[in-house]
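Worksheet: the structure to be examined is printed underneath.
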Amino acid sequence: MDADTGSTAPQITPEVVPVMPATPIFTSQTLTIAAFSLAVACLAILIFFTRRKSRSKGNLLLLVGPPDAGKTAILSTLVYNQTLPTHTSLQTNVSTVALPEVKKTLTVVDIPGHPRIRDQVSEYIGDAKAIAFVVDASTVSRNGPAVAEHLHIILNALTSLPPSQVLPSLVILAHKSDLLKSGTAASATSESLAINRVKTILERELEKRRASQSGGVGVEGLGEEGERTEMGGLECSGEKGVFRFDAWEGGEVLFLGTSVKVGQGVQEEEKTDTDGLSSLRQWMGDA
Ligand SMILES: Nc1nc2c(ncn2[C@@H]2O[C@H](COP(=O)(O)OP(=O)(O)OP(=O)(O)O)[C@@H](O)[C@H]2O)c(=O)[nH]1
Ligand SMILES: [Mg+2]
């Protein structure tokens, strides 16, 4: 029996579980997919950071506008609280302006209005957080066409920025409002008179430029140098696309009336936050 039992004991064959799968994990196909996903992820991170960079526009404010409008006088009042005798600027001035109320500093670039220099605006406009277009309200009635030509260049530069970029905010300064005081209605402030005058004249002149272009007629003689211009930047929503600042497709355009004290400079005790630039300082703080 014992011998029988021993001889009939079942044979146990150990089951061998394969340690390696039939196909390897890292086939050339999976490696290609992994490399592709990694490349897409890197690209997404790169795009994210570059877009963030273009959105966080730093603190650059551009002062632009025709010659003799008062840009350098404004910059010197913002920085030193006084104006110095100025001449036509032949190069760009850059200064830092402190805004203690909002604990901010802005870098302000004053770009001269001379036709040969004013185009330097294109070097800065992509990085600008805000643009102030300065107009001499006391002479705009006779200089309207030339001022409008200069503003048209700025509007065109703004609307030509890449769509991914947040446009700098635009303010038009109806400057030298102090020169409009005499002989005006007592109810209207010199600032509001300056704003009305500048806005009305520029709207009229820009509409002339837009109508001439859309009618296929050049705008010879309208510009300072009388050149034929075919620039965009004047597109407006609304009736027949007539140019109005309120309907400008490039965004909101704000108007402020400003002035600075010229001559011997402002004495220490005269330094005040309610000078002719207080509305500009407030706008700069909000920008
Ligand atoms: N009455 C008055 N005069 C001003 C005012 N602002 C500037 N001016 C005078 O206007 C003249 C021109 O001012 P600037 O600051 O040199 O003009 P700008 O815009 O820098 O001119 P460019 O450098 O040629 O582009 C100077 O004689 C200033 O003293 C103002 O608010 N009121
Ligand atoms: Mg100047």
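The values are calculated or read from the model by the stated rules, or taken from the named source; none is laboratory data. Here the structure is a predicted model, which means the values were calculated and not measured. Because the Cβ atoms are built from the backbone with ideal geometry, glycine has one as well, and the counts that use them run over all protein chains shown.
Structure data summary
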read-out	value
Answer residue from the range 101-129, given it is of a type in the set (A, V, I, L, M, F, W, C) and closer than 24 Å to Val166 by Cα and is farthest from ligand 2 (Cβ to nearest atom) among those	Val102
Lone qualifier among Ala98, Ala132 - being crowded, with 18+ Cβ neighbours inside 10 Å and either among the aliphatic types (A, V, I, L, M) or within 13 Å of ligand 2 (Cβ to nearest atom) (or both)	Ala132
Per-region count, the range 74-87, residues over 25 Å from the mean Cα position of the chain (by Cα) and within 12 Å of ligand 2 (Cβ to nearest atom)	5
Ser164 more than 10 Å from ligand 1 (Cβ to nearest atom), at pLDDT below 90, among the small types (Gly, Ala, Ser) and surrounded by fewer than 23 Cβ atoms within 10 Å (Cβ to Cβ)	yes
Filter result (more than 15 Å from the chain's Cα centre (by Cα) and either basic (Lys, Arg) or more than 16 Å from ligand 1 (Cβ to nearest atom) (or both)) within the range 96-113	Thr96, Ala98, Leu99, Pro100, Glu101, Val102, Lys103, Lys104, Thr105
Filter result (touching a Leu at 6+ places or on another chain (Cβ under 8 Å) and farther than 10 Å from Ile111 by Cα) within the range 71-95	Ile74, Leu75, Ser76, Thr77, Leu78, Ser95
